[in-house]
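> Below you'll find the structure I mean.
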Amino acid sequence: MIPARFYQGQPGTGETTLYTVPAGKSVILKHIMVTNTTGSAATFTLSLVPSGGSPAASNRLYVATSVPANSLVSLALSQVMNQGDFLSALQPTTNALTMHISGVLI
């Protein structure tokens, strides 16, 4: 197992693919940090989408989850992703939230 950062950045206001598991690999998501750098609360939606699928209610991990103004939300996980699975996210407020997603590559 290799510790890895899978994403660091700001998702778009539409569904944005953050990370896709490469061929022949699996991933265990361990930690997501979401930082709000604005003076108002902002929300995000995050999906763990199976290979060949599309972001939808059936694969949402977090839906319209609020991050208070000038704050950080830390989410501990233990979610397995297989080859071709991907993370997708969106935030309705442009450039309000920054995500850091890490775990282990198997």
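> With (1) free of Cβ contacts under 8 Å to residues at least 12 places away in the same chain; (2) in contact with a Phe, Trp or Tyr (Cβ under 9 Å, 6 or more places away or on another chain) as the list, and S54 as the residue in question, which single condition is left unmet?
Failed condition: (2).
> Still on this structure, I have one more. Can you find, within the range 91-106, the residue that is modelled with the lowest pLDDT among those that are hydroxyl-bearing (S, T, Y) and farther than 11 Å from N36 by Cβ?
Across the range 91-106, the extreme among qualifying residues is T94.
> Please count how many residues of the range 1-48 are charged (D, E, K, R) and over 12 Å from the mean Cα position of the chain (by Cα).
Residues in the range 1-48 being charged (D, E, K, R) and over 12 Å from the mean Cα position of the chain (by Cα): 1 in total.
> Just to be sure I understand, how many residues within the range 43-57 are part of a loop (DSSP other than H, G, I, E, B) and either in contact with a helix residue (DSSP H, G or I) (Cβ under 6 Å, 6 or more places away or on another chain) or exposed (fewer than 15 other Cβ atoms within 10 Å of the Cβ) (or both)?
Of the residues in that region, 5 qualify.
> Step by step: first the residues of the range 78-104, then only those that are under 18 Å from P50 (Cβ atoms) and loosely packed, with under 15 Cβ neighbours inside 10 Å, then the one that is nearest to the chain's Cα centre (by Cα). Which residue is that?
By that ranking, first place goes to Q79.
> Hey, another quick one. Please determine, by comparing only the residues of the range 32-42 that are exposed (fewer than 15 other Cβ atoms within 10 Å of the Cβ) and not polar (S, T, N, Q), which one is nearest to M81 (Cα to Cα).
M33
> For the structure I just gave you, tell me whether S40 is small (G, A, S) and in a strand (DSSP E or B).
Judged against the criteria, S40 is not a match.
The values are calculated or read from the model by the stated rules, or taken from the named source; none is laboratory data. Remember, predicted model here, so these are calculated numbers, not experimental data. FYI the Cβ positions are ideal-geometry reconstructions off the backbone, even for glycines, and counts take in every protein chain you see.
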